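J.: First the structure, then my questions, so here it is.
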Amino acid sequence: MNPLTPVEERTRADIPGSGRNGSLQARLRELVEGFLVEDRVEIRLGDPVGGGGPACCLPGCPRPASTKQLCKAHLERWNWVGRPDLAQWDPGDPPEPEWLSLARLPVPLRFEVAYGLLRARQTRAVDPIGIAAARRLLDTLATTEMSSLFDRGEHEWPTTRSGERIVKLRIGFITFTIDEIDRLQGICTGEYEYARDVWRLRRLGFTGTPEGWQLDFRRIDQPWLREAVKKFLRWRHDTGHSASGMHRDVLTLTRLGHALTECAGPAAAPEQFDRAVITRLLALFVADGFTANGRRQRMSSVKRFFAIARQHDWLPGVPARTAVYSEDFPAQTQLAPRALSAFVTAQLKNPGTLDKLTDPRWRLLFPLLMETGLRLNDALHLPTDCVVHDQRQAPYLRFHNRKMKIVLVGQ
């Protein structure tokens, strides 16, 4: 195969026309020329999509292993001749490389997926998947009645395919492809994301579970309030707020918008944002079923929003008396003790009880939690080299406090 021309990033202005058709489709076709051959893509060993996993153990085989360290073609031949000793077996000529057929995908979806496969090979920035998983993914796309990955916004997934089966958009090859096509147009940037009414947290640098989250501001009816909330959430992100905290802020401030709508309508002006809105918000939190502590937490978000928005003049026209006061917070309730009773602790410390756990990881985890007092999430993320020693060779546990985002060392 001929060497592939490197793909350079271009701004949206570099591509004539607008939208994601026309010139963009021609650009994608040009970029995958020589890579997409007769609507098929040859899979190489080590390709993140289709070539994941170890190679077939037989010399010269261009396919990844499936079972018994053999690719499917060699496995069938080996079974056919009675499974002889591999060291003595002549497998014959190597099979042809694997191919992924994109023929069932409509245009421009076919070129979009081909470009994603090309960029995956070039960047290695996708979690590897095997050939079977890649083919299932293509089969799913072929039955979604989508002609492009951009037929609908990501916030409109999951979509329904034939037979009423739900197709969800998960972080992986598809989101990687969407990002790469946007990057080609110069719109895979934080500034572009901040201008949207639905933020994709992967575009804002979040990793792990929050990478697949979205922050949706569309349910805030008043445009001026929506923009102020977006600026506040951007400030939260810039100051290192957690994804879960930002998600809670969006839900809380969306309810603030609902309270304003109920008091003054969806077209309410800033001057109509009075104390009656705060009173209505408190009633909405009660109706939502939040505990007193839950309402305190959410009122703290609202109070912080007002403070920061007024510092930056994001709410011009809102009366100065519209604020959250200490009297608006419900009384704090004392939570029940979180410690285990002596009876349960004795059971957990009993070696006979631990022996009933079939998974050795759990048998290690329970004593670790009891002896160190680690949070479960911190314990589950301990590396294998988590024990360090001081000058006297006394052992210490080194762990990452994921809640406080610091590294601690404890005896």
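The values are calculated or read from the model by the stated rules, or taken from the named source; none is laboratory data. Given the structure is predicted, the values throughout are model-derived calculations rather than measurements. Counting neighbours? That spans all protein chains shown, and the Cβs are built from the backbone with ideal geometry, glycine included.
J.: Of the numbered conditions (1) among the aromatic types (Phe, Trp, Tyr); (2) in the same structural domain as residue 309 (by TED's automatic domain parsing); (3) in a loop (DSSP other than H, G, I, E, B), residue 206 satisfies every one except a single condition; which is it?
T.: Failing condition for residue 206: (2).
J.: Of all residues in region 245-269, how many are in contact with a Leu (Cβ under 7 Å, 6 or more places away or on another chain) and part of a loop (DSSP other than H, G, I, E, B)?
T.: Selection size over region 245-269: 1.
J.: Then there's this: Condition first: crowded, with 17+ Cβ neighbours inside 10 Å and acidic (Asp, Glu). Now tell me which residues in region 35-80 satisfy that.
T.: Listed by number, the residues that qualify are 42, 47.
J.: When you scan region 236-244, do you find a residue that is modelled with pLDDT of 95 or more, in contact with a Leu (Cβ under 7 Å, 6 or more places away or on another chain) and farther than 27 Å from residue 377 by Cβ, even just one?
T.: Looking through region 236-244, none of the residues is modelled with pLDDT of 95 or more, in contact with a Leu (Cβ under 7 Å, 6 or more places away or on another chain) and farther than 27 Å from residue 377 by Cβ.
Every residue, every condition in (1) under 29 Å from residue 215 (Cα atoms); (2) under 33 Å from the mean Cα position of the chain (by Cα); (3) among the small types (Gly, Ala, Ser), yes or no:
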| residue | (1), (2), (3) |
| --- | --- |
| 38 | no, no, no |
| 69 | no, yes, no |
| 73 | no, no, yes |
| 84 | no, no, no |
| 104 | no, yes, no |
| 129 | yes, yes, no |
| 135 | no, yes, no |
| 140 | yes, yes, no |
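J.: Can you name every residue in region 372-396 that is over 30 Å from the mean Cα position of the chain (by Cα) and within 28 Å of residue 242 (Cβ to Cβ)?
T.: 372, 388, 396, listed by residue number.
J.: Among the residues of region 248-270, is any in the same structural domain as residue 311 (by TED's automatic domain parsing), in contact with a strand residue (DSSP E or B) (Cβ under 9 Å, 6 or more places away or on another chain) and closer than 30 Å to residue 126 by Cα?
T.: yes
J.: Of 295, 304, 321, 310, which residue is assigned to a loop (DSSP other than H, G, I, E, B) and either within 22 Å of residue 247 (Cα to Cα) or not aliphatic (A, V, I, L, M) (or both)?
T.: Of the residues listed, the single one that is assigned to a loop (DSSP other than H, G, I, E, B) and either within 22 Å of residue 247 (Cα to Cα) or not aliphatic (A, V, I, L, M) (or both) is 321.
J.: Can residue 94 be described as in a loop (DSSP other than H, G, I, E, B) and either farther than 29 Å from residue 144 by Cα or touching a His at 6+ places or on another chain (Cβ under 7 Å) (or both)?
T.: Taking the combined requirement at face value, the residue satisfies it.
J.: Can you tell me which residue is farthest from the chain's Cα centre (by Cα) among those in region 268-296 that are surrounded by fewer than 16 Cβ atoms within 10 Å (Cβ to Cβ) and polar (S, T, N, Q)?
T.: 279
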